[in-house]
Amino acid sequence: AMEDVCAKFVSQKISKTRWRPLPAAALQPPDLFATGSWDNEDNRVSIWSVGDLGNVGLNGEYQGEPQLLCDIRHNGDVMDMQFLDQERIVVASSTGTVTVFRHHQNNQTLSANQRWEKAHYHVDQDTSCGGAPCTGVICNNPEIVTVGEDGRINLFRADQKDAVRTIDNADSSTLHAVTFLRTTEILTVNSIGQLKIWDLRQQRNEPSQIFSLTGDRVPLHCVDRHPNQQHVVATGGQDGMLSVWDIRQGTMPVSLLNAHEAEMWEVHFHPSNPDHLFTCSEDGSLWHWDTSTDIAEKPSFLHQGGRSTTYFSHNTINQSVVSAWLSNDPTKDRMEITNLIPNQTLSVNSLDILGPCLVYGTDAEAIYVNRQLFA
């Protein structure tokens, strides 16, 4: 299966990888993705085309690897990035600044379209060193929500100069990630193992609900919401565990799954096929969690080759996708976990999935594209 993966060495540590969203009616697979770098002298935001799979160029060179279309310098580490629409990308910086870059497809350039200087800051916005890292950003065009190490939440609107709303002391600890639950509600995760729901229609600056991991207050680094079941949320944290939450009930996770051996940096439900979930980690692994109900009929070749696959038989028939994620131990029902990177090296910092395509980036200064995820 590894021959489906194209690697591109890019001489910079990659902190974020994101597919450009496809137009609503598009049938073709994704063709462009963006990357952001970190921990380099000169960090960059770059746009890549996936390249022509299996086509050989005029000089016999293989064109399957990603091609750089354009890039632009970025001040500070890229902490997070999200496409706002087909042309614009919102980028969160370790300096606390949030920038909207525009990709000009006619001449393949990137330009800074809009910037909120020190959207996040520790002391006050005016001191020269006061910026606090912006750790997370989520978009629902034209709205952009950012969270930071300063415990602040900002709501911006594209093309508006000032923040629409700021919750200054939203959290006394670092906010690590944010996602939309619905158009008026967001969910944040923090460094003491809490999830908080914020209703943006309310003027008060308190969360409407708080959930937390019991006991050890393990920092949570990432969160994703199930695309069809808005009450199902997955988070990953410093201990590498995957937690699945049902925000309709209780204040604790429904299931805790042993996953990685180090920090989990990102978790993503497949946007159109959410019985598949993907996680990546500091330990150099990228796991594909499959709760789809046809595992029994899958050909056995999945279980050979370079992948370490844990296979769980099922003792219940026709588990629906939702209950698979929400059962107390999904692994008892039916789940297959495959490490998509057999020979682990350095941290896998980011992943994104769209249609049959996976893109991920690592501290080994490489980006990888797999365009036949479900082949």
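The peptide list 163-172, 364-373, put in order of mean Cβ contacts within 10 Å with the highest first, becomes 364-373, 163-172.
Oblate is the label for region 108-186. Its Cα gyration tensor axes, ordered a ≥ b ≥ c, give a/c of at least 1.5 and b/c at or above a/b. Efficiency by 1/(1 + (r/R0)^6): what FRET value for Asp42 and Arg182, r their Cβ-Cβ distance, R0 = 45 Å, to the nearest 0.05? Taking R0 as 45 Å, the efficiency between Asp42 and Arg182 is 0.70.
Applying a threshold of 28 Å to the alpha-carbon distances of Lys118/Lys196; Lys8/Lys161; Lys16/Lys161 flags Lys8/Lys161 as lying beyond it. Here the gap between Val123 and Cys70, fully extended at 0.36 nm per residue and compared with their Cα-Cα distance, gives a gain of 15.5 nm.
Take each of the peptides 343-355, 196-208, average the number of other beta-carbon atoms within 10 Å over its residues, and list them starting from the highest.
343-355, 196-208
A Förster radius of 30 Å combined with the Cβ-Cβ distance from Asn258 to Gln202 puts the calculated FRET efficiency at roughly 0.20.
Calculated FRET efficiency, His104 and Ala25, Cβ-Cβ r, R0 25 Å, to nearest 0.05?
After rounding, the FRET efficiency stands at 0.60.
With the simple model of a label 7 Å out from the Cα in the direction of the Cβ, Ser272 to Ile210 spans 4.1 nm.
From the largest down, region 150-274 spans 43, 34, 26 angstrom on the principal axes of its Cα atoms.
Every number in this text was worked out from the coordinates using simple rules, so none of it is lab data. Source: prediction; values computed, not measured. No Cβ is skipped: glycine too gets one built from the backbone with ideal geometry, and neighbour counts run over all protein chains shown.
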